[in-house]
Each structure stands twice: as C-alpha cells, then as structure tokens.
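To start, the structure under review is shown below, and the notes come after it.
The values are calculated or read from the model by the stated rules, or taken from the named source; none is laboratory data. Because the structure is predicted, anything quoted here is derived from the model rather than measured. Here Cβ is always computed from backbone atoms with ideal geometry, including for glycine, and neighbour counts include all displayed protein chains.
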Amino acid sequence: MVGKEAMPNECFDVVVVGGGSSGCVLASRLSEDPKTSVLLIEAGRDTPPGHTPDTVKDLMHRSAYEPENMWSGLVANYASHAVYGSAAPTGQRVEQARIMGGGSSVNAMAALRGTPEDFQAWVDIGAVGWGYSDVLPYFCRVETDNDFSGRDHGNSGPMSLRRTARAQWPPLTRALTEAAQRDGFRFVEDHNAAFEDGFAPIARMATAMERSSVAENYLTEKVRRRPNLHILADHHVDRVVFEGRRAVGVIAQSEGSVSRYGALEVVICAGALQTPAILMRSGLGAVESLGHHGIDVVADLPGVGRNLQEHAAASIAAYLVPQARQDISNRPIHNAALRLSSNIADCPPSDVMMYFMNKSGWHPVSQRIGATLVGLLKPYSRGVVTLNSRDAWALPSVDFNMLSDPRDMARMKFGLRRAYGFYQHAEVKTLCRAVFPAAYSERVRNLNQHSRANYIKSWLFSQLLDLSGPLRQRILEMAVAQQRHASRIMKDDDLLEAWIVSNLRGMWHPCGTCRMGREDDRLSVVDANGRVQGVGGLRIADASIMPEIPRANTNLTVLMAAEKISDAMKAGPVTG
C-alpha cells in the first residue's frame, strides 16, 4: 500500500520532504493525531511492508549496491584540495540512499550512540535541551534492545536492536580482538551505555533474521491505513514555496510533471547533502551564492551548506585462509568494533573506531577478504555543500575538505598503523596470507553490485586467489588494492600520507550543513526545535541539523532527533 492519493494543489497540515530515516519517523509520529493531515514525499521508490525486496532485508546490506536505491551521479571531493592539491582525487562517487527508509534501508545497520560529551558540545554551541540526559529518553523510545534493559535502553520501540555474542564472533574477528586485548584494550559489553575505549559487539538495527528498517517499522501497514497520512513516492522536491517569509508548500517533480502541494508547515528531511540544496533553491542561504544563480533571497542564512562533516575512513585488509572465513550463515559484515583514543594533542578521547570485518561483501572474493575499517570519529575538518545550478535535477557540489586540519591526518595515520599492528600478532598472522591497505575503488564498487554476472566473475577471481604465490598477490593488487607493500607504507610517513589522500572515503555519515544554534549566531540555520531561522512554517529534522558529528554511526542519532522534533511539533503551534 503506497498511501492515499495526494492531489496537486491539495493543502496539508504538514508536508514532510524526504522519506529517509527522519522523514519516516516524522510522518508516523505526526499522523498519530487524526486531526493532523500529513503528506510524506520521497524521491525514491516506496517499499511497503510485504513488498520489501530481499536485498533490503538481507543482513548483508546488499541493497547498498543496487543503483536504483541510490542517488545517481552524486559526486564529491573527499581529501582537501586546498592542502593536498592535485594529489587529492576529484569527483568521487558519494553513496546516498534514494529509497523509502533512506540510509536505514541500505546501510550496514550499526546502531551506536554518540557519547554524552558529544551532546554537551551541542548544548555549548547553542542547541539548548540536547544534552545527553535530554536525548536519552528519545534514544530509548526508538529501540527495542534485545540484549539489555534498564534506564539506558528501550524495550518497546519500533526498531529492533541486537548484537552478535562474543562467543559467536567469526575467526578473524576473534583473533583481532584478542590482539587488541593483548595490547591492553578491554572487552566492553555495551558501547551504547559504557562510553569508553575497548572492543564490544556492534549493536545492529536488525532482528535475528533481517534488517530492521525505518520504512518497515515506522510506516507499518497499520500506520499506512491512517486516512490522514498520504505517501507520495518517486517525487523529487524542487523547492519550498513562500508567501513573504512564510513557507506555504512545496513544488515537486516526477516524470516531467510539476505539482504544488500546500502546507501549514513544511519539514525538510532530505539529508545533509540534499537539504541545503533544497533550501538554497528556495531562496535561503548566503546572499552572494543565491545571487550567482539568480535566485531571489527569502532569508540571508550564510550557514546553509557550511559545516559539512563526515567520518573519514580507510581500511587494512587481508586474504584469509579457509579456516579464518566467516560462516555463510553469519550474514552481517561486521560483528565487533574497537573504540580507542589517539592521545594526539588537542584531540578528545575515543576519537578513533575500528570495525572488524571478517568478510567484505556478498560475493566469493569478498568472502576471502577480511578487513579493519579505521574511522576518524571526531574530525576537525569542515566542508561545504553548494549549488551547481538552480535546476531541480542538478545535484549539489560536495566538498568534504577532509584532512584539512593536520590533527585529522595525524589520527588517520595513527589508526591505520595501529590496525596494521594487530595483523602482526601471531594469532592473526596464522589466519592471513597477505595484508594490504585496501582501496574502495570503482572496480571494487562495480563488482559489489548484486548480479549473477558479478557472482560468476567473482567466483573465477576467487579460484585464482586460492592459488598460492605471486599470482594471488597480483590478483589482489589488481582487484582490491592499489599498493602491495603494506609494511613499507606503514613505516614511511610520506608514503602513508599519500596513500590516505588517494584512497580516503567517508562512512556514509554526512551531517552538519544546517546546524542548530543560537538565534544571534549567523552560521546557525535552525533553533533547538528545528525551526529555520528568519522564516515561518519551516523546520529541518535530519542529520544536517547536528552542530557536531557524534562519535558513532549517525543513523541512530538521526532517529532520536526526529523523535525529539516530532514531540516539539506536537507540543506547540506551527512555526511563525
């Protein structure tokens, strides 16, 4: 069931733009009041309960590699060009979901909370009421934690959370965590309650058998039957319509048609890359930038598109001997993670995360490749999202500007060297025949697309990999690596830095481009209730409002924020 038909020019109490994680939450919670009419508009396809594709349900997150689920043609610069010049690649593909449920329908399902210090930083920058004690009830409201109970956990929320018990971790994961333990790190039962260094099972948004997506669990069949909820899929919102300085609706496009939908209040939930683009096309942003594209200014908000943050990441990988490989029945790509502190000057604790992966994908080659993904959890570098054109279908320009702050490069080198060191422990060495810095190249990305042809191609590669000697090394270099001599890279600062600049990626956690803050802060875009500064009838409730990126995967924080803003909307009158 897609939902009740929404007619062009029809007016709703609330129009929610974007059916990703936050948009599904808002549509579900706001339509609980039968007197509130809600229209949810999603640019991608709908996946109603009972019609969710198997690739979306799969705990292996195969859906991330299906082009129809992602924005096509969205590219970005990752490493800072201002610092690294021509050594920093340009125009690399960015993965952003374009499907009902958004990131929750395609991501690897990690469900980790930021630390209490992360949310105190939000308060310090002007997001009053977003301290950890304020947001904890909303984290709990989101979840049904199948492993823990008590005041720190929810047990009746829409999203199922569970972990793989330590006794069930696959061989390489066990060996890497044992190596970490030998190096002084302790086992932590629950990273969502004990915010400290150590290795722990990764909480996932999943049942025992399949993904727990926001689309399935907030937009249930019962919710979709509400007569006051309308769902419009495959419609791309061009801009918000204003009368004076008040939002009164949106313009949406689909297959050549253009429609207007009226609203008493509009909530943008299109994500940290698309939300600022919609605002700028609507006349909200820096005056100079809007003027460059011939857009009439509704409100001068220079913070729109700025403050872009993302967790920088790179990997150390290894070819695994047969006894080290993950059992095919264990679908998730990762089962455990290590939080650690770089102890680099002027950096906070627990600023690096390692995700231990006993396999790297769904196909035969990836079953033979284990990896440790090193993520920089508290970056100081900031990027920007700008318009390429006022055209509704022109994707924004994205510059993450990663590693522009020297502390970020120092910590990436620290993390990769520390991860490589774990592979030198005897218990890990026995499971690996080659260790190499892994690149998520276009070749790897294309092979990950789920198809019979790719399975056959991968199977042929895998048979060659199982041969011993130089041929395996050559195959690895050609297929998944860009540099064979890992030991040399790790010892040479210049080589390691050059490799990081060339192969850096994000963790699909962009945020911060319409951040919360004080009304007198020129770079803040929304107040603590998500209301856009300087206009009426308009809010934002997605990852773009985060003042600083949390030291965790961002999806759970997005759900928390959407729950909190839905309460604010239900408690008070429409904005303006």
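Just to verify a result, which residue in the range 397-407, among those that are under 30 Å from Ile278 (Cα atoms) and out of contact with any Lys or Arg (no Cβ under 8 Å at 6 or more places or on another chain), is surrounded by the most Cβ atoms within 10 Å (Cβ to Cβ)? Spell out how you get there, then give the answer.
So the first thing to find is which residues in the range 397-407 are under 30 Å from Ile278 (Cα atoms), and the list is 397-405.
Then drop every residue that is not out of contact with any Lys or Arg (no Cβ under 8 Å at 6 or more places or on another chain), which leaves 397-400, 402-403, 405.
On the way: Ser397: 17, Val398: 30, Asp399: 18, Phe400: 27, Met402: 33, Leu403: 27, Asp405: 17.
Ranking the candidates gives Met402 first.
Give all pairs with beta carbons closer than 7 Å in which a residue from the range 300-314 that is touching a residue at least 24 places away in the same chain (Cβ under 8 Å) and at positive phi meets a residue that is hydroxyl-bearing (Ser, Thr, Tyr) and not in a loop (DSSP other than H, G, I, E, B); count only pairs at least 6 apart in sequence or on separate chains.
What qualifies is Gly305/Thr386.
Please enumerate the residues belonging to the range 117-130 that are over 22 Å from the mean Cα position of the chain (by Cα) and free of Cβ contacts under 8 Å to residues at least 40 places away in the same chain.
We begin by selecting, within the range 117-130, every residue over 22 Å from the mean Cα position of the chain (by Cα); these are 123-126, 128-129.
Those that are over 22 Å from the mean Cα position of the chain (by Cα) and free of Cβ contacts under 8 Å to residues at least 40 places away in the same chain: Val123, Asp124.
Looking at the range 111-142, which of the residues that are of a type in the set (Ser, Thr, Tyr) and under 24 Å from Arg163 (Cα atoms) is surrounded by the fewest Cβ atoms within 10 Å (Cβ to Cβ)?
Tyr132
So in the range 44-62, with the set limited to residues that are free of Cβ contacts under 8 Å to residues at least 24 places away in the same chain and not acidic (Asp, Glu), which one is farthest from Leu232 (Cα to Cα)? Don't jump to the end; show me each part of the working.
Our first condition is that a residue be free of Cβ contacts under 8 Å to residues at least 24 places away in the same chain; within the range 44-62, this holds for 51, 53-54.
If we keep only those that are not acidic (Asp, Glu) as well, we get 51, 53.
Details: His51: 16, Pro53: 19 Å.
That would be Pro53.
Residues that are in contact with a strand residue (DSSP E or B) (Cβ under 9 Å, 6 or more places away or on another chain), surrounded by fewer than 16 Cβ atoms within 10 Å (Cβ to Cβ) and either assigned by TED's automatic domain parsing to the domain that holds Ser544 or part of a helix (DSSP H, G or I) (or both): does the range 50-66 have at least one?
So far as the range 50-66 goes, no, none of its residues is in contact with a strand residue (DSSP E or B) (Cβ under 9 Å, 6 or more places away or on another chain), surrounded by fewer than 16 Cβ atoms within 10 Å (Cβ to Cβ) and either assigned by TED's automatic domain parsing to the domain that holds Ser544 or part of a helix (DSSP H, G or I) (or both).
Considering Ile268, Ile295, Ile316, which residue is hydrophobic (A, V, I, L, M, F, W, C) and in the same structural domain as Tyr420 (by TED's automatic domain parsing)? So that I can check it myself, show each step before the final result.
Values: Ile268 fails: in the same structural domain as Tyr420 (by TED's automatic domain parsing); Ile295 fails: in the same structural domain as Tyr420 (by TED's automatic domain parsing).
From the options Ile268, Ile295, Ile316, the qualifying one is Ile316.
Phe414 - would you say it is more than 21 Å from Gln92 (Cβ to Cβ), of a type in the set (Phe, Trp, Tyr) and either assigned to a strand (DSSP E or B) or modelled with pLDDT under 95 (or both)? Show your work before the answer.
Values: more than 21 Å from Gln92 (Cβ to Cβ): yes; of a type in the set (Phe, Trp, Tyr): yes; either assigned to a strand (DSSP E or B) or modelled with pLDDT under 95 (or both): no.
Spelling it out, it is not the case that Phe414 is more than 21 Å from Gln92 (Cβ to Cβ), of a type in the set (Phe, Trp, Tyr) and either assigned to a strand (DSSP E or B) or modelled with pLDDT under 95 (or both).
Within the range 355-363, is even one residue assigned by TED's automatic domain parsing to the domain that holds Asn454, within 23 Å of the chain's Cα centre (by Cα) and under 27 Å from Ser404 (Cβ atoms)?
Checking the range 355-363: at least one residue is assigned by TED's automatic domain parsing to the domain that holds Asn454, within 23 Å of the chain's Cα centre (by Cα) and under 27 Å from Ser404 (Cβ atoms).
How many residues does the range 364-396 contain that are over 22 Å from the mean Cα position of the chain (by Cα), among the basic types (Lys, Arg) and surrounded by fewer than 22 Cβ atoms within 10 Å (Cβ to Cβ)?
Summing the residues that are over 22 Å from the mean Cα position of the chain (by Cα), among the basic types (Lys, Arg) and surrounded by fewer than 22 Cβ atoms within 10 Å (Cβ to Cβ) in the range 364-396 gives 1.
Every residue in the range 157-176 that is in a loop (DSSP other than H, G, I, E, B), under 21 Å from Glu216 (Cβ atoms) and either modelled with pLDDT under 95 or touching a strand residue (DSSP E or B) at 6+ places or on another chain (Cβ under 6 Å) (or both), please.
Passing the criteria: Gly157, Arg163.
Out of the residues in the range 240-269 meeting the condition of being surrounded by fewer than 21 Cβ atoms within 10 Å (Cβ to Cβ) and more than 16 Å from Asn9 (Cβ to Cβ), tell me which one is farthest from the chain's Cα centre (by Cα).
Gly244
Just to be sure I understand, how many residues within the range 14-42 are surrounded by fewer than 23 Cβ atoms within 10 Å (Cβ to Cβ) and either within 24 Å of Arg211 (Cβ to Cβ) or of a type in the set (Ser, Thr, Tyr) (or both)?
Residues flagged as surrounded by fewer than 23 Cβ atoms within 10 Å (Cβ to Cβ) and either within 24 Å of Arg211 (Cβ to Cβ) or of a type in the set (Ser, Thr, Tyr) (or both) within the range 14-42 amount to 2.
Give the range 514-525 a look and list any residue that's out of contact with any Lys or Arg (no Cβ under 7 Å at 6 or more places or on another chain) and either crowded, with 22+ Cβ neighbours inside 10 Å or not assigned by TED's automatic domain parsing to the domain that holds Met560 (or both), or say none.
Residues of the range 514-525 that are out of contact with any Lys or Arg (no Cβ under 7 Å at 6 or more places or on another chain), as a first pass: 514-522.
If the condition is that a residue be out of contact with any Lys or Arg (no Cβ under 7 Å at 6 or more places or on another chain) and either crowded, with 22+ Cβ neighbours inside 10 Å or not assigned by TED's automatic domain parsing to the domain that holds Met560 (or both), then Cys514, Arg515, Met516, Gly517 are the ones that fit.
Which of the residues spanning the range 286-301 are among the β-branched types (Val, Ile, Thr) and in a loop (DSSP other than H, G, I, E, B)? Show your work before the answer.
Our first condition is that a residue be among the β-branched types (Val, Ile, Thr); within the range 286-301, this holds for 287, 295, 297-298.
The answer is Ile295, Val297, Val298.
Take the residues in the range 553-567 that are among the hydroxyl-bearing types (Ser, Thr, Tyr) and assigned to a helix (DSSP H, G or I); name whichever of them is farthest from Pro510 (Cα to Cα).
Start the filter on the range 553-567 by keeping residues that are among the hydroxyl-bearing types (Ser, Thr, Tyr), which leaves 554, 557, 566.
From the residues that got through so far, the ones that are assigned to a helix (DSSP H, G or I) too are 557, 566.
Details: Thr557: 12, Ser566: 22 Å.
Restricting to residues being among the hydroxyl-bearing types (Ser, Thr, Tyr) and assigned to a helix (DSSP H, G or I), the top hit is Ser566.
Can you find a residue that is small (Gly, Ala, Ser), under 24 Å from Arg93 (Cβ atoms) and at pLDDT 90 or above anywhere in the range 491-499?
Residues of the range 491-499 that are small (Gly, Ala, Ser), as a first pass: 498.
Now drop any that are not under 24 Å from Arg93 (Cβ atoms), which leaves 498.
Then keep just the ones that are at pLDDT 90 or above; that gives 498.
Within the range 491-499, one or more residues are small (Gly, Ala, Ser), under 24 Å from Arg93 (Cβ atoms) and at pLDDT 90 or above.
Which members of the range 94-113 meet the condition of being part of a loop (DSSP other than H, G, I, E, B) and of a type in the set (Val, Ile, Thr)? First the steps, then the outcome.
As a first pass, look at the range 94-113 and keep what is part of a loop (DSSP other than H, G, I, E, B): 94-96, 98, 100-101, 106-109, 111-113.
Answer for the range 94-113, where residues must be part of a loop (DSSP other than H, G, I, E, B) and of a type in the set (Val, Ile, Thr): Val94, Val106.
Say we look at the range 67-93 and pick out the residues that are part of a strand (DSSP E or B) and crowded, with 17+ Cβ neighbours inside 10 Å; which of these is modelled with the lowest pLDDT?
Keep residues of the range 67-93 that are part of a strand (DSSP E or B), which gives 70, 75-79, 92-93.
If we keep only those that are crowded, with 17+ Cβ neighbours inside 10 Å too, we end up with 70, 76-79, 92.
Working: Met70: 96, Ala76: 97, Asn77: 97, Tyr78: 97, Ala79: 97, Gln92: 93.
Once the filter is applied, the top-ranked residue is Gln92.
Of all the residues that make up the range 186-196, how many are in a loop (DSSP other than H, G, I, E, B) and either crowded, with 18+ Cβ neighbours inside 10 Å or touching a helix residue (DSSP H, G or I) at 6+ places or on another chain (Cβ under 8 Å) (or both)? Talk me through it step by step, then tell me what you get.
At the first step, the residues of the range 186-196 found to be in a loop (DSSP other than H, G, I, E, B) are 186, 188-196.
Next, only the ones that are either crowded, with 18+ Cβ neighbours inside 10 Å or touching a helix residue (DSSP H, G or I) at 6+ places or on another chain (Cβ under 8 Å) (or both) stay: 188, 191-192, 195.
Summing the residues that are in a loop (DSSP other than H, G, I, E, B) and either crowded, with 18+ Cβ neighbours inside 10 Å or touching a helix residue (DSSP H, G or I) at 6+ places or on another chain (Cβ under 8 Å) (or both) in the range 186-196 gives 4.
Restricting attention to the range 302-346, report how many residues are of a type outside the set (S, T, N, Q), part of a loop (DSSP other than H, G, I, E, B), over 16 Å from Leu172 (Cβ atoms) and touching a strand residue (DSSP E or B) at 6+ places or on another chain (Cβ under 8 Å).
6
For the range 528-547, enumerate the residues that are surrounded by 22 or more Cβ atoms within 10 Å (Cβ to Cβ) and either under 14 Å from the mean Cα position of the chain (by Cα) or without any contact (Cβ under 8 Å) to a residue 60 or more places away in the chain (or both).
Across the range 528-547, the qualifying residues are Arg531, Asp542, Ala543, Ser544, Ile545, Met546.
List every residue pair whose Cβ atoms sit under 6 Å apart, with the two residues 6 or more apart in sequence or on different chains, where the first one lies in the range 93-115 and is at positive phi and the second, anywhere, is among the aliphatic types (A, V, I, L, M).
Gly101/Val214; Gly101/Ala215; Met109/Met205; Met109/Ala206
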